[in-house]
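These notes concern the structure reproduced below.
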Amino acid sequence: MISISNLEKSYGDRTLFSGATFQLNAGSRYGLVGANGSGKTTFLDIVSGQLEASEGTVSIPKRLRLGVLRQDQFLYEDEEILAVTMMGNPELWEAMVEKEELLAKAEQHFDADRFSEVEETVQRHDGYTAEARATKILEGLGLPGHIHGDPLSTLSGGFKLRVLLAQVLAGAPDVLLLDEPTNHL
């Protein structure tokens, strides 16, 4: 499924890891254990394509969707909980936002061609059920429906992390990478 070959990451004279070679197979669970500062997050960033390796390769089939749970809830503090979750499918989320913008401007100027393109994206991603799917994911993680319209900032750190997990799950990943999951999950 995912092949790592002779992976190395260095910063100047400091080598975090080198010679990492292995395969992550479908249906298996793996854990990456090491001391603080040993390069675990850096390794996940390389596997997920967020960072370049100094040497080596990561091979991921093109059809494979990676979901990465990061510790970056501060990016979404002012966003509604449900919206943060739905952002887990960026192409759909951007299409839904653009569709609303196009409809808001429809009286001044309606771009039918662009609207058609955006609508096609929404339909391709089953966008008309996206909110219901996101709600189900959030409720399954212990976040009741009456708070889904609240800003993320109203939640404790543990519940914010659950919302970020919901966001990743809303993207329907084939592989889930968790960077420092906690007991709150």
> What's the exposure ranking of L178, L51, L138, going from fewest to most Cβ atoms within 10 Å?
Replying inline: L51, L178, L138
> In percent, how large is the relative contact order of the chain, given Cα pairs closer than 8 Å and 6 or more residues apart?
Replying inline: 28
> Whats the longest run of the chain with zero chymotrypsin sites (Phe, Trp or Tyr not before Pro) that are DSSP loop and have at most 12 other Cβ atoms within 10 Å?
Replying inline: 31-109
> Roughly speaking, what is the stretch gain from E180 to S10, that is 0.36 nm per residue apart minus the C-alpha to C-alpha distance, in nm to one decimal?
Replying inline: 59.1 nm
> Classify the chain: rounded, prolate or oblate, from the alpha-carbon gyration tensor (a ≥ b ≥ c, eigenvalue square roots; a/c under 1.5 rounded; otherwise prolate if a/b is larger than b/c)?
Replying inline: prolate
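Quote to one decimal, in nm, the extra length available between D111 and N25 on full extension: 0.36 nm per residue of separation minus the C-alpha distance between them.
Contour length minus the Cα-Cα distance gives 26.4 nm.
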>> Of G12, G157, N89, which is farthest towards the positive pole of the chain's charge dipole, taken about the Cα centre with +1 and -1 on the beta-carbons of Lys, Arg and Asp, Glu respectively?
In response: G12
> A35 to L64: FRET efficiency via 1/(1 + (r/R0)^6), r the Cβ-Cβ distance, R0 45 Å, to the nearest 0.05?
Replying inline: 0.90
>> With the cut-off at 1.5 for a/c, could you classify segment 1-80 from its C-alpha gyration tensor as rounded, prolate or oblate?
In response: oblate
> Hey, what angle do you get for helix 130-140 against the long axis of the chain, alpha-carbon based, 0 to 90 degrees rounded to 10?
Replying inline: 50
> For E120 and E100 in one chain, what is 0.36 nm times their gap in residues minus the Cα-Cα distance, to one decimal in nm?
Replying inline: 5.8 nm
>> Given R₀ = 41 Å, what would the calculated FRET efficiency be for I147 paired with E52, taking r from the Cβ atoms and rounding to 0.05?
In response: 0.55
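Please report the antiparallel percentage of the DSSP beta bridges confined to the chain, to the nearest 5.
On the way: 12 of 16 bridges.
Antiparallel: roughly 75 percent of the beta bridges in the chain.
Coordinate-derived values only; no laboratory data. Small disclaimer: the values here were computed from a predicted structure and weren't measured. When we count neighbours, we look across all protein chains shown, and the Cβ atoms used for this are built from the backbone with ideal geometry, even at glycine.
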